[in-house]
Amino acid sequence: MEKLSFRLTATRSAGGTRAQAMVGVVASGNLEVLLERSVPADTCTIDIATAAHGFDKVWDAVVRDFVARRSAGGLRISINDGGARPDTVALRLAQGVRKIEEPER
Amino acid sequence: MTAVTANDVSLSWYEASARQRIDALVDAGSFSEFIGPELREISPHLSIFDLPEQFDDGIVIGRGRLDGAPVLVAAQEGRFMGGAFGEVHGAKLTGLLRAARALKQDLVILFDTGGVRLQEANAGELAIAEIMRAVIEARREGVNVVGLIGGRAGCYGGGSLIAGTCSKLIISEQGRLSVSGPEVIETNKGIEEFDSRDRALVWRTMGGKHRYLIGGADTFVDDEALAFREAAITALKVGTRCDVTVLEAEQARLERRLQRFGEAEDAVEIWQALGIDDPTDVPALPTGAFLRAATNRENADDAR
């Protein structure tokens, strides 16, 4: 298992009021993303545990693109990866910020 | 209290995730999770094998409401390691069953499992035994434990043993229920005994229709979350007993069934013996027609 950690500055903070959200599942070519609202509003941390070693540069590009394009401030994001492709990772991250914005019932 | 509302979006049970199934099963917005992913109660064994972990260890447990009534819910995620039972996964279900007994609250188990997780085999086998005991102890206290089977991984191995202890089982055509899976039988007994690549053979031997016809499951539903919800509501309304009389009746029923169908070479022969007009057509029948054709099915009413 390769572990990667990123701490990035986010210009937009995540919307909504939910404390946490969960998307995806750990399976071949898939990943789970847990989002928790527990860091300062201008920060986004992303911790990754991945079964595919040696892709740190790709992860770096994907998470930086995500934080630049989505409202990710204030989120502590934890990822368990089963070897997902970069487009799947980007999709799950986008689904995650959308889910934590959903109104609470 | 707000009015009871179901989530009315059409959702394939087979395709859905464990969390989606729970959301669609219980009254809208009523679910609260125990030991959620934020607690990171992960398997202590998978890292030894350098395998990826999942924050909920492949099972979601909690409480919710079903048609207004409180209910405990456990849902396996069949896509994570085939929904298999490990130490933490099993302990979460055992704990929930013990809570069901203590609180005298009914429980539904959304099965989606290949059985025991091989990487933590001893812990997994122990978990199966503990869960079966906890199911029986809860049922002895009058608690209903209803199993729902219709996931990708089916309900195999230790999962099928647990299903056997439930008070009622609800199954869809896609749901498969069997102790040994197709590949296991082929590996141990040879391809002449069971060709695991023959999908039609797999479905007619282990699939939901056959299980319903031979009394291995109590209710047959479409592969639709709302159908599972309605069936679960109905199943929980029927109070069940679990005592020696019931078990003896089940034993007698199984002996009768073995005598009646034990010589059959294929499921189709059993369907014919059940008096179904065109037994070879069973796999193609839509739900309504299938249920009409199944009027003379074996049933497990004595035992459950």
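The values are calculated or read from the model by the stated rules, or taken from the named source; none is laboratory data. Everything numeric in this text was worked out from a predicted model, so none of it was measured. Quick reminder, even Gly has a Cβ in these numbers, built from the backbone with ideal geometry, and neighbours come from all protein chains shown.
For the range B:62-70, indicate whether the set of residues that are within 14 Å of chain A (Cβ to nearest Cβ), among the basic types (Lys, Arg) and over 29 Å from B:Val238 (Cβ atoms) is non-empty. Within the range B:62-70, none of the residues are within 14 Å of chain A (Cβ to nearest Cβ), among the basic types (Lys, Arg) and over 29 Å from B:Val238 (Cβ atoms).
For the range B:284-299, give me each residue that is surrounded by 12 or more Cβ atoms within 10 Å (Cβ to Cβ) and either of a type in the set (Gly, Ala, Ser) or in contact with a Gly (Cβ under 8 Å, 6 or more places away or on another chain) (or both). Of everything in the range B:284-299, those that are surrounded by 12 or more Cβ atoms within 10 Å (Cβ to Cβ) and either of a type in the set (Gly, Ala, Ser) or in contact with a Gly (Cβ under 8 Å, 6 or more places away or on another chain) (or both) turn out to be B:Ala289, B:Ala293, B:Ala294, B:Arg297, B:Glu298, B:Asn299.
Checking each residue in the range A:59-88 for being within 14 Å of chain B (Cβ to nearest Cβ) and either out of contact with any strand residue (DSSP E or B) (no Cβ under 7 Å at 6 or more places or on another chain) or not acidic (Asp, Glu) (or both) picks out A:Leu75, A:Arg76, A:Ile77, A:Ser78, A:Ile79, A:Asn80, A:Gly82, A:Gly83, A:Ala84, A:Thr88. The residues of the range A:15-36 that are within 11 Å of another protein chain (Cβ to nearest Cβ), touching a residue at least 24 places away in the same chain (Cβ under 8 Å) and either farther than 22 Å from B:Gln20 by Cβ or surrounded by fewer than 19 Cβ atoms within 10 Å (Cβ to Cβ) (or both), listed by number, are A:Gln20, A:Ser28, A:Gly29.
Just one of the listed residues (B:Leu51, B:Leu46, B:Leu103) is within 12 Å of chain A (Cβ to nearest Cβ), among the hydrophobic types (A, V, I, L, M, F, W, C), out of contact with any Asp or Glu (no Cβ under 9 Å at 6 or more places or on another chain) and surrounded by fewer than 24 Cβ atoms within 10 Å (Cβ to Cβ), namely B:Leu51.
Residues in the range B:86-116 that are assigned to a strand (DSSP E or B) and under 20 Å from B:Ala235 (Cα atoms): B:Leu107, B:Val108, B:Ile109, B:Leu110, B:Phe111. Taking the range B:255-289 as the range and being within 20 Å of B:Val221 (Cα to Cα) and of a type in the set (Asp, Glu) as the test, only B:Asp281 passes. Of all residues in the range B:238-265, those satisfying the criterion of being among the β-branched types (Val, Ile, Thr) and either in contact with a strand residue (DSSP E or B) (Cβ under 9 Å, 6 or more places away or on another chain) or exposed (fewer than 14 other Cβ atoms within 10 Å of the Cβ) (or both) are B:Val238, B:Thr240, B:Val244, B:Thr245. At least 2 residues being surrounded by 23 or more Cβ atoms within 10 Å (Cβ to Cβ) is the threshold, and among the helices (runs of 4 or more DSSP H) wholly inside the range B:145-209 those reaching it are B:158-165.
Considering the conditions (1) closer than 19 Å to B:Ser43 by Cα; (2) away from every other protein chain (no Cβ under 14 Å), B:Arg117 is excluded by exactly one of them, (2). Here are some conditions: (1) within 29 Å of B:Ala16 (Cα to Cα); (2) in contact with a helix residue (DSSP H, G or I) (Cβ under 6 Å, 6 or more places away or on another chain); (3) part of a loop (DSSP other than H, G, I, E, B). B:Arg229 meets all but one. Which one does it not meet? Going through the list (1) within 29 Å of B:Ala16 (Cα to Cα); (2) in contact with a helix residue (DSSP H, G or I) (Cβ under 6 Å, 6 or more places away or on another chain); (3) part of a loop (DSSP other than H, G, I, E, B), B:Arg229 breaks only (3).
Yes/no per residue for (1) closer than 21 Å to B:Ala16 by Cβ; (2) modelled with pLDDT of 95 or more:
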site	(1), (2)
B:Glu125	no, yes
B:Ile131	no, yes
B:Gly142	no, no
B:Val146	yes, yes
B:Gly151	yes, yes
B:Ile171	yes, yes
B:Leu177	yes, yes
B:Gly208	yes, yes
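Among the residues here, B:Glu41 does not qualify as touching a helix residue (DSSP H, G or I) at 6+ places or on another chain (Cβ under 9 Å), closer than 26 Å to B:Ala134 by Cβ, among the acidic types (Asp, Glu) and within 11 Å of chain A (Cβ to nearest Cβ).
In the range B:21-37, of all residues being at pLDDT 95 or above and surrounded by fewer than 18 Cβ atoms within 10 Å (Cβ to Cβ), the one that is farthest from the other protein chains (Cβ to nearest Cβ) corresponds to B:Phe34.
Number of residues in the range A:90-105 that are within 14 Å of chain B (Cβ to nearest Cβ) and within 30 Å of B:Asp50 (Cβ to Cβ): the value is 4. For first residues located in the range B:280-304 and of a type in the set (Val, Ile, Thr), partners that are part of a loop (DSSP other than H, G, I, E, B) and modelled with pLDDT under 95 and lie 6+ apart or on another chain with Cβ distances below 7 Å form the pairs B:Val282/B:Ile276. For the range B:85-99, the count of residues that are without any contact (Cβ under 8 Å) to a residue 40 or more places away in the chain, within 14 Å of chain A (Cβ to nearest Cβ) and out of contact with any Asp or Glu (no Cβ under 9 Å at 6 or more places or on another chain) is zero.
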